[in-house]
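Quick note: the coordinates plus some simple rules give every number you see, no bench work behind them. Everything numeric here is computed off the predicted structure, so don't read it as measured data. Cβ placement follows ideal geometry from the backbone for every residue including glycine, while neighbour counts extend to all protein chains displayed.
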Amino acid sequence: MNDASTVLTTFDRGVLQLTLNRPDKLNSFTPEMHLALRAGLERAHEDPEVRAVLLTGAGRGFCAGQDLGDRDPRKGGPAPDLGATLDSYYNPNLRMIRGLEKPVICAVNGVAAGAGANIALACDIVLAAKSARFIQAFSKIGLIPDAGGSWSLPRMIGEPRAKALTLLAEPLGAEQAAEWGLIWKAVDDDALMDEAMAIALKLAAGPTVGLGLTKQLIQGAATRGLDAQLDAERDAQRQAGRTADYAEGVTAFLEKRSAEFKGR
Ligand code: LHQ
């Protein structure tokens, strides 16, 4: 069921670009697309040549969440087990994005709705086209914010804004999202992919181990106190200090030249 055409994959100079590719349905998720995305994320995890991931969508939308045509209630039958869908498809991919010890950049090229919005927000650096909108669409169909949204939204923008966004399901423009700190940047539509790729290439040429440890430390801070975080920093710094990239970084500084990191 792993139909690779639902996610286009390209690889260049350390950047694995994954493009959600069901543009006629605003890249809404089917089981095939989940599995194709998972395959891409697994490659990113396993292949040392991959040093950054760039996630985006084909066509005018980023992702409209679950394909609502998949389970048409008009066809009758028992109510679906949506928890099973989360267990089987959404949650593994969310965990892979967050757990990946390499940066994941997201270029939100158009509307990001429902789980599509929250998958974007799970990425490490999120850029959005100024015309893009984020919609916590779940309440419109009687559902709750999934794909990590109920966890990430209050942490990123606080309870009042998280509650209003999710209960009202009103679209949030990219520039407002950036002002609120929900994403890194809103950029002109025609500059989006160039800017996102420039960031991805920069990170892919960086000290991958240190960047991965930094990502994990920042994420872990949400659930740790200062004492535990200081211990985690000690452990991560010990690991970073043993990399060839650390030695290269310091050597390059002392020799007044640019560092050439190898990702090890
Ligand atoms: C779609 C979809 C879509 C299918 C646009 N499905 N076709 C997790 C676990 C299990 C189950 C349930 O859900 C979840 C998590 C979730 O993600 S729940 C939230 C699901 N998503 C939504 O409720 C969003 C539904 N879409 C919309 O509200 C609109 O399409 C937005 C606001 C995203 C975009 O509006 P427009 O720019 O006006 O585009 P459009 O509505 O005309 O859509 C274009 C086409 O894409 C259209 O198809 P058609 O054949 O008529 O041209 C839509 O039917 C199709 N499409 N979203 N989720």
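Evaluate the Kirkwood expression for the hydrodynamic radius of the range 51-142, namely the inverse of the mean inverse distance over all pairs of different C-alpha atoms, and round to one decimal in Å.
Values: mean 1/r = 0.0699 Å⁻¹.
Over the range 51-142, the inverse of the mean reciprocal pair distance is 14.3 Å.
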Check the cysteines of the chain one by one and keep only those with no other cysteine Cβ under 4.7 Å from their own. 63
Coordinate range along principal axes, alpha carbons of the range 130-183, Å, largest first: 28, 23, 18
Principal axis dimensions, the range 96-207 - Cα atoms, whole angstrom, descending: 43, 30, 22
Cα Rg, Dmax (largest Cα-Cα span) when computed across the range 1-58, Å: 11.0, 34
Cα-only Debye scattering, the range 208-254: base-10 log of I(q)/I(0) at q = 0.16 Å⁻¹: -0.47
By how many degrees, between 0 and 90 and to the nearest 10, does the Cα long axis of helix 31-46 differ from the longest principal axis of the chain? 10 degrees
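Rounded to the nearest 500 deg cm²/dmol, what is the calculated helix-only ellipticity per residue at 222 nm for the chain, with -39500 (n - 2.57) per DSSP H run of length n ≥ 4? Present the calculation step by step, with values, prior to reporting the outcome.
Values: 10 runs with 115 residues, N = 264.
Taking each H run of at least 4 residues, the total per residue is -13500 deg cm²/dmol.
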Residues meeting the amide H criterion for residue 186 (H placed from the backbone, H to H distance under 5 Å, 5 or more places apart or on another chain) are 128
Shape parameters for the range 7-204, alpha-carbon atoms, Rg then Dmax in Å: 15.9, 51
Can you give the convex hull volume per residue for the Cα atoms of the range 149-264, as a whole number of Å³? 141 Å³
Taking just the C-alpha trace of the range 60-109, give me its Rg and Dmax in Å. 14.8, 44
Please identify the trypsin sites (Lys or Arg not before Pro) of the range 150-245 that satisfy two criteria: DSSP loop assignment and at most 16 other Cβ atoms within 10 Å. Which are they? 224, 242
Between 0 and 90 degrees, rounded to the nearest ten: what's the tilt of helix 226-241 against the longest Cα principal axis of the chain? 60 degrees
Could you give the angle, 0 to 90 degrees to the nearest 10, between helix 149-168's Cα long axis and the longest principal axis of the Cα atoms of the chain? 30 degrees
